């Protein structure tokens, strides 16, 4: 199969472009190292976030047997986003945490606390109901709740111009300000969650036939639901903490890959991690290239590229009847 | 641990199932042994499929289900699936998996955590496809097969797990007469190989031709239990279905050629 050589080639090209493209002048020997370093962080952040979101999408689509699911359906994305915004607001307004937490770590920690809060509610409901539809509805309600809370935080933040800008920019998604500390925080979490998802791959294969059949074939359906929710939440929290709230990656990438990598999760998950990373690195390059007064937010670029791409895929998949 | 070629009997005592506050199965007891086909019969809504799912551990139930003397409730889903395999009437699978990939799912219980496929897995898959006469379908997409072909693939998936006990939910429903006969003959082949089979059947003539013993259910209770010839007889059939049984009145079929076996 020539999928992996292609993905690595694309990754190499995207990586080189991500380092070369941008508004800074690389011929200036004084600033060159700084520019390269910043672009390197940016590249790493985009790749990590993209990999995490794409694999989150694969797992959630398998869990719900629904090709329209994205990792945000669990509500933990909105939770992470809300947590990050609260951290920004708390720091900006009251200077909270400044004395005992490095300021740039406030947002990632806020993201994780937010995601874990949403996850706790999700798991509580899962324990009570033991039902997949209830899980989906709980995620939906949590999402709506945290989005409205986020809107409130955003409106409160408008009282200061600078803070308002920071909150809005965070919620639109950006990897431009991500530094080494944030990367060092998110990398192990995302890496562990990616491996864990790969381990659950065989169980997710069984779930393609529905919960009852999966159970009859020996899958522990309750455990699959439980751990999928946990690992997807970790992935999403990691992604939001380095890249803000970026949509579409988790929806589009799994679809793009299935015709090439097949439906089996153990093959799909590593491929999705690579492709998701490449996609977001590419989107970040586009964000830098398009001329505008400031950079186009990453979340806007993924939408602008992802939506038409998804529609094209949908037409193709329908024609081939690969998806019923 | 009991493996593929181990033979196991299944015994149920006082099994009751309550769904949504309504008791749909009352105090059912049964026994099925290696080399034997037990039919679950009864009108629609009698609780046949519910009983089968309870035996497969797919529904919460009261009472006790034992495999080779071990309480099924004490087994992990994985261990249970190594001993009992359940074949649904239709699969809910909608993804574009090939037949071989579908049958490979049956090997889940034998896979290690890292597992690619071992030679054992490949042999079991080949053997299962062959037994179910599904080897010609190997590279086809499961969702694009006919209902009869899908049924054979689902049987192969169950066989790939090497479980000694097979539970089949209306395996001949929606099949044409040729496909149905192929499945019934397969059931006999599996019994000859000392599998323990419990089969929900709609067609009483199929039950008479293929099964050794039968359990007749009405409104969640066992009405009659014994050899299929005794159970599918005028008395019990009139009581349960409200129809008279006329011996030899139905058109019969038999395989036209014998080269499939």
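Is it fair to say residue A:244 is within 22 Å of residue A:167 (Cα to Cα), more than 14 Å from chain B (Cβ to nearest Cβ) and surrounded by 23 or more Cβ atoms within 10 Å (Cβ to Cβ)? I'd like the intermediate steps shown before the answer.
Details: within 22 Å of residue A:167 (Cα to Cα): yes; more than 14 Å from chain B (Cβ to nearest Cβ): yes; surrounded by 23 or more Cβ atoms within 10 Å (Cβ to Cβ): yes.
Yes: the conditions hold for residue A:244.
Quick one: which residue in B:126, B:121 is more than 22 Å from residue B:203 (Cα to Cα), more than 18 Å from the chain's Cα centre (by Cα) and at pLDDT 90 or above? If you could, list the steps in order and put the result at the bottom.
Details: B:121 fails: at pLDDT 90 or above.
Of B:126, B:121, the one residue that is more than 22 Å from residue B:203 (Cα to Cα), more than 18 Å from the chain's Cα centre (by Cα) and at pLDDT 90 or above is B:126.
I'd like the full set of residues that are surrounded by 18 or more Cβ atoms within 10 Å (Cβ to Cβ) and touching a strand residue (DSSP E or B) at 6+ places or on another chain (Cβ under 8 Å), limited to region B:100-139.
Result: B:106, single match.
Within region B:65-83, which residues are in contact with a helix residue (DSSP H, G or I) (Cβ under 7 Å, 6 or more places away or on another chain) and either in contact (Cβ under 8 Å) with a residue 24 or more places away in the chain or within 8 Å of chain A (Cβ to nearest Cβ) (or both)? Quick ask: steps written out before the conclusion?
The initial filter retains those residues of region B:65-83 that are in contact with a helix residue (DSSP H, G or I) (Cβ under 7 Å, 6 or more places away or on another chain), namely B:65-67, B:72, B:77-78, B:80-82.
Scanning region B:65-83 gives B:65, B:66, B:67, B:77, B:78, B:80, B:81, B:82.
Please specify each residue of region B:192-207 satisfying the condition of being closer than 14 Å to residue B:180 by Cβ and assigned to a helix (DSSP H, G or I).
The answer is B:204, B:205, B:206, B:207.
Failed condition for residue B:199, given (1) closer than 14 Å to residue B:133 by Cβ; (2) under 13 Å from the mean Cα position of the chain (by Cα), with all others met?
(1)
Residues checked against (1) within 23 Å of the chain's Cα centre (by Cα); (2) closer than 21 Å to residue A:178 by Cα; (3) modelled with pLDDT of 90 or more; (4) part of a helix (DSSP H, G or I):
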| residue | (1), (2), (3), (4) |
| --- | --- |
| A:93 | no, no, no, yes |
| A:101 | no, yes, no, no |
| A:104 | yes, yes, no, yes |
| A:110 | yes, yes, yes, yes |
| A:120 | yes, no, yes, yes |
| A:127 | no, no, no, yes |
| A:142 | yes, no, yes, yes |
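The rows are residues; the columns are (1) without any contact (Cβ under 8 Å) to a residue 60 or more places away in the chain; (2) surrounded by fewer than 24 Cβ atoms within 10 Å (Cβ to Cβ).
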position	(1), (2)
B:179	yes, yes
B:196	no, no
B:204	no, yes
B:211	no, no
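Within region A:189-208, how many residues turn out to be free of Cβ contacts under 8 Å to residues at least 12 places away in the same chain and either more than 7 Å from chain B (Cβ to nearest Cβ) or within 18 Å of residue A:131 (Cβ to Cβ) (or both)? Spell out the reasoning first.
Taking region A:189-208 and keeping what is free of Cβ contacts under 8 Å to residues at least 12 places away in the same chain, we get A:191, A:195, A:199.
When the remaining residues are screened for being either more than 7 Å from chain B (Cβ to nearest Cβ) or within 18 Å of residue A:131 (Cβ to Cβ) (or both), the result is A:191, A:195.
The number of residues fulfilling the criteria is 2.
Looking at (1) over 22 Å from residue A:219 (Cβ atoms); (2) touching a residue at least 24 places away in the same chain (Cβ under 8 Å); (3) within 14 Å of another protein chain (Cβ to nearest Cβ), can you tell me which one residue B:144 breaks?
All conditions pass for residue B:144, except number (2).
Determine if region A:266-287 includes at least one residue that is more than 21 Å from the chain's Cα centre (by Cα) and either away from chain B (no Cβ under 13 Å) or crowded, with 22+ Cβ neighbours inside 10 Å (or both).
So in region A:266-287, the residues more than 21 Å from the chain's Cα centre (by Cα) come out as none.
No.
Inside region B:155-177, can you point out the residues that are over 15 Å from residue B:205 (Cα atoms) and in a helix (DSSP H, G or I)?
Within region B:155-177, B:155, B:156, B:157, B:158, B:159, B:160 meet the criteria.
Conditions (1) within 26 Å of residue B:149 (Cβ to Cβ); (2) crowded, with 20+ Cβ neighbours inside 10 Å; (3) more than 19 Å from the chain's Cα centre (by Cα), marked per residue:
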position: B:162; (1), (2), (3): yes, yes, no
position: B:165; (1), (2), (3): yes, yes, no
position: B:172; (1), (2), (3): yes, yes, no
position: B:188; (1), (2), (3): yes, no, no
position: B:192; (1), (2), (3): yes, no, no
position: B:238; (1), (2), (3): no, no, yes
position: B:245; (1), (2), (3): no, no, yes
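What do you reckon, is residue A:253 buried (at least 24 other Cβ atoms within 10 Å of the Cβ), more than 10 Å from chain B (Cβ to nearest Cβ) and in a helix (DSSP H, G or I)?
Numbers: buried (at least 24 other Cβ atoms within 10 Å of the Cβ): yes; more than 10 Å from chain B (Cβ to nearest Cβ): yes; in a helix (DSSP H, G or I): yes.
Criteria met by residue A:253.
Would you mind finding the one in B:51, B:58 that is modelled with pLDDT of 90 or more, surrounded by 19 or more Cβ atoms within 10 Å (Cβ to Cβ) and either more than 30 Å from residue A:67 (Cβ to Cβ) or more than 10 Å from every other protein chain (Cβ to nearest Cβ) (or both)? First the steps, then the outcome.
On the way: B:58 fails: either more than 30 Å from residue A:67 (Cβ to Cβ) or more than 10 Å from every other protein chain (Cβ to nearest Cβ) (or both).
Every option except B:51 fails the conditions.
Within the bounds of region A:226-240, is there any residue that is closer than 21 Å to residue A:117 by Cβ and within 14 Å of chain B (Cβ to nearest Cβ)?
To start, the set of residues in region A:226-240 that are closer than 21 Å to residue A:117 by Cβ comprises A:226-240.
Filter once more, so that each one left must be within 14 Å of chain B (Cβ to nearest Cβ): A:226-227.
Yes, there is a match, as at least one residue in region A:226-240 is closer than 21 Å to residue A:117 by Cβ and within 14 Å of chain B (Cβ to nearest Cβ).
If I ask for residues that are touching a residue at least 60 places away in the same chain (Cβ under 8 Å) and closer than 12 Å to residue B:183 by Cα, which ones from region B:152-168 would you list?
Answer for region B:152-168, where residues must be touching a residue at least 60 places away in the same chain (Cβ under 8 Å) and closer than 12 Å to residue B:183 by Cα: B:154, B:155, B:168.
The values are calculated or read from the model by the stated rules, or taken from the named source; none is laboratory data. The model shown is predicted, which means the values in this text are computed figures rather than measured ones. Don't worry about glycine lacking a Cβ; one is built from the backbone with ideal geometry, like all the others, and counts go over all protein chains shown.
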